[in-house]
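Okay, structure first, notes after.
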């Protein structure tokens, strides 16, 4: 009977560890900050096959436009959003990004003449997509 209890305990612990390992993890962090002229900005590296960018955000002072986008390996822009209100956010989500494939994020000054400080953030999913 003691062996049975030990076996049941081991299975329960293994199952809980497996569930914890399979749980999705989202992280939010800054990837760029600086003073930028029109058309300038920052970008991330490309996503991997087991982790994906899921949202892109830019913040800045003032009423001049900024833009965030996702760029594929061929240079195509996807889910591009431009705004004169801070923050500007594009959040297509995990499924949309997995369908598009490997991407990088970019945020930039979208004004014609104004230099301003721009800060950019990513949301990244790194969970059970390759488990």
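The values are calculated or read from the model by the stated rules, or taken from the named source; none is laboratory data. Here the structure is a predicted model, which means the values were calculated and not measured. With ideal geometry, Cβ positions are generated from the backbone for all residues, glycine too; neighbour counts draw on all protein chains shown.
Run down 69, 123 and say which single residue is within 12 Å of the chain's Cα centre (by Cα), modelled with pLDDT of 95 or more and either assigned to a loop (DSSP other than H, G, I, E, B) or farther than 23 Å from residue 37 by Cβ (or both).
123
Is it fair to say residue 24 is at pLDDT below 95 and assigned to a loop (DSSP other than H, G, I, E, B)?
Here the answer is yes, as residue 24 does meet what is asked.
Just to be sure, is residue 45 at pLDDT 90 or above, touching a strand residue (DSSP E or B) at 6+ places or on another chain (Cβ under 7 Å) and outside any strand (DSSP E or B)?
yes
Residue 62 is checked against (1) on the phi < 0 side of the Ramachandran plot; (2) at pLDDT below 95 and fails just one. What number does that condition carry?
Result: residue 62 passes all but (1).
Which pairs do you get when a residue that is under 15 Å from residue 57 (Cβ atoms), found in the range 22-42, comes within reach of a residue that is modelled with pLDDT of 95 or more and part of a loop (DSSP other than H, G, I, E, B), reach meaning Cβ atoms under 6 angstrom, with the pair 6+ apart or on two chains?
Final answer for the pair search is 31/44.
Kindly provide the set of residues from the range 81-120 that are in contact with a strand residue (DSSP E or B) (Cβ under 8 Å, 6 or more places away or on another chain), farther than 14 Å from residue 64 by Cα and either outside any strand (DSSP E or B) or at pLDDT below 95 (or both), ordered by number.
91, 92, 93, 94, 96, 97, 98, 100, 101, 102
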